[in-house]
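Before any comments, here is the structure.
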Amino acid sequence: MKLYVCKNYDEMSAKAASVVASVITLKPDCVLGLATGSTPVGMYTKLAEMNKEGKLDFSEVKTYNLDEYYPIKASDPQSYRYFMDKNLFDNINIDKANNTHLLNGEAADADAECAAYDKAIEAAGGIDIQVLGIGNNGHIGFNEPSDPLVGPTHKTGLTESTIEANSRFFASADEVPKHALTMGMAPIMKARKIIMLVSGKGKHAVLREMLSGVITTKNPATLLNLHDDVTVVCDEEAYNG
Ligand code: GLP
């Protein structure tokens, strides 16, 4: 696990953007695994700036996002599709209709949707770099702490702590969907490269647990210790607490 401790959120975002940009530069038709949440927003802004300045081309890049609430309409401002359009896809020269993929929160058959998603990632050649945030409880995507973790992409329930944490984006906790579709641990761990962004004091405990090298399904992020190309980019608040 490679670790970069950055002074603040802005430096963390710039560092993470440079790592992702280097993957795109070396392989212009690469497959990106992307994440939502507040943490990667600054990185997405920097990537869009590089694209605007003509330094980075997304015309052949394909993306697969980690997760989506379920059920939710793509047009709902709380959906992760809406978030990705607003924070990245609408600001870069990506082929949004054909090359950006999110799990469909409107799918009638959630299991079929998840199985098709894993197949599509494989057919695209697998993920070259997977961007991850981390939940306060160590969740990645929506793989919540639990005795068994699930390999394939699947429908899952959200824990009370995640509903509470994510309620800041909704009018109230009652409005947070109770389920989500999420990449399972398998597609995440199969990514050739993983970059995890961690910001703020609230993530200190789970970050330190992950960096300790002890692996437990009670903190799904600790499983990243089993992958041989993980870069963690955090800020001093997350690192020092
Ligand atoms: C959500 C997402 C995760 C994300 C986490 C942390 O639950 N499903 O992918 O990493 O929130 O979000 P934030 O970056 O806002 O702390």
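Here are a few things to note about the model shown:
- Estimated FRET transfer efficiency when R0 is 30 angstrom, pair Asn93-Asn225 (beta carbons, to 0.05): 0.25
- Comparing Ile188, Ile134, Ile163 in a Gaussian network model of the chain, where Cα atoms under 10 Å apart are tied by springs, the biggest mean-square fluctuation is seen for Ile163.
- In Hz, Karplus ³J(HN,Hα) per residue of segment 67-73 (6.51, -1.76, 1.60; θ = phi - 60°; x = Gly, Pro): 7, 7, 4, 8, x, 7, 7
- Sulfur and carbon atoms: percent of accessible area, the chain [1.4 Å]: 52 percent
- Whichever aspartates and glutamates have a C-alpha closer than 16 Å to that of Lys27, once near sequence neighbours (fewer than 8 apart) are set aside: Asp57, Glu60, Asp128
- Accessible surface, segment 182-241, averaged per residue in Å² (probe 1.4 Å): 39 Å²
- Under 5 Å from the amide H of Gly33 lie the amide H atoms of Tyr64, Asp128, Ile129, Gln130, Val131, each residue being 5 or more positions distant or on a separate chain, with H modelled from the backbone and absent for Pro and chain starts.
- Karplus-derived HN-Hα couplings along segment 171-181 (A = 6.51, B = -1.76, C = 1.60, θ = phi - 60°), whole Hz, x at Gly and Pro: 5, 7, 4, 4, 8, 6, x, 8, 10, 8, 9
- Around the amide H of Thr100, modelled in the peptide plane, lie the amide H atoms of Thr63, all under 5 Å away and 5 or more residues distant in sequence or on another chain.
- Compactness check for the chain: Cα Rg over 2.2 N^0.38 Å is 0.93.
- Projected label distance in nm at Ser75 and Ser172, using a 7 Å step from Cα toward the beta-carbon: 2.6 nm
- In the chain, helical runs assigned H by DSSP with n ≥ 4 each contribute -39500 (n - 2.57); averaged across all residues and rounded to the nearest 500, the mean residue ellipticity at 222 nm is -9500 deg cm²/dmol.
- Shape category assigned to segment 126-241 from the gyration tensor of Cα positions, a/c cut at 1.5: oblate
- Here segment 46-77 and segment 198-236 have alpha carbon centers that stand 24 Å from each other.
- In this structure, the pairs whose alpha-carbon distance is over 28 Å, taken from Lys2/Lys73; Lys119/Lys201; Lys46/Lys178; Lys119/Lys193; Lys62/Lys86, are Lys2/Lys73; Lys119/Lys201; Lys46/Lys178.
- Per residue accessible area in Å² of segment 44-150, where ligands, DNA and RNA are left out and the probe is 1.4 Å: 44 Å²
The values are calculated or read from the model by the stated rules, or taken from the named source; none is laboratory data. Source: prediction; values computed, not measured. Note: ideal-geometry Cβ built from the backbone for every residue, glycine included; neighbour counts use all protein chains shown. Accessible surface is based on the protein model in full, side chains and every heavy atom, while ligands, DNA and RNA are left aside. Shrake-Rupley method; radii C 1.70, N 1.55, O 1.52, S 1.80 Å.
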